[in-house]
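Chemist: Please see the structure below; I have some questions.
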Amino acid sequence: MAQQTRERILAAVGTWMQRATGAEFTLDAIAREADVERRTVFRHFATKEALLAAFWEWVNQRVAPRTLPASLE
């Protein structure tokens, strides 16, 4: 359940970025977008910077090409 909530918050960041161009990025806005309480966002991400860092890592995992082998075999 916690992982699903974390994923929902990260997906909400992407949705918010697509729709709210020019708006201020706040944890309240992300909480509304993810349909969770603000404190839930803080449980998963202590700061706005931590949320953004996790978001970019999350995005990169989904869009980065998998051209390198995963192992030596």
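Only the coordinates and a few stated rules stand behind these numbers; no lab work does. Bear in mind the structure is a predicted one, so any value in this text is a computation, not a measurement.
Chemist: Hey, what do the phi angles of the stretch 17-26 turn into as Karplus ³J(HN,Hα) couplings, whole Hz, using 6.51/-1.76/1.60 and θ = phi - 60°, x for Gly and Pro?
Modeler: Once rounded to whole Hz, the list reads 4, 6, 9, 9, 4, x, 7, 6, 7, 10.
Chemist: Need one number for the chain: average projected area of the convex hull over its C-alpha atoms, nm².
Modeler: Quarter of the Cα hull surface area: 6.2 nm².
Chemist: Here is a follow-up. In the Gaussian network model of the chain, springs joining C-alpha atoms below 10 Å, which of GLU49, GLU33, GLU24 carries the largest mean-square fluctuation?
Modeler: Largest GNM mean-square fluctuation: GLU24.
Chemist: Using 0.36 nm times the number of residues separating MET17 and GLN61, minus their current alpha carbon distance, what extension gain do you get?
Modeler: Gain on extension, MET17 to GLN61, equals 14.0 nm.
Chemist: Another question, if that's okay. Grab the DSSP H runs of the chain that are 4 residues or longer, score each as -39,500 (n - 2.57), total them, divide by all residues and round the 222 nm result to the nearest 500 deg cm²/dmol.
Modeler: Rounded to the nearest 500, it is -21000 deg cm²/dmol.
Chemist: Could you give me the ³J(HN,Hα) list for the stretch 39-56, computed from phi with Karplus coefficients 6.51, -1.76, 1.60 and θ = phi - 60°, whole Hz, x at Gly and Pro?
Modeler: Karplus-based 3J(HN,Hα) across the stretch 39-56 equals 5, 5, 4, 5, 5, 8, 9, 5, 9, 4, 5, 5, 5, 5, 4, 5, 4, 5 Hz.
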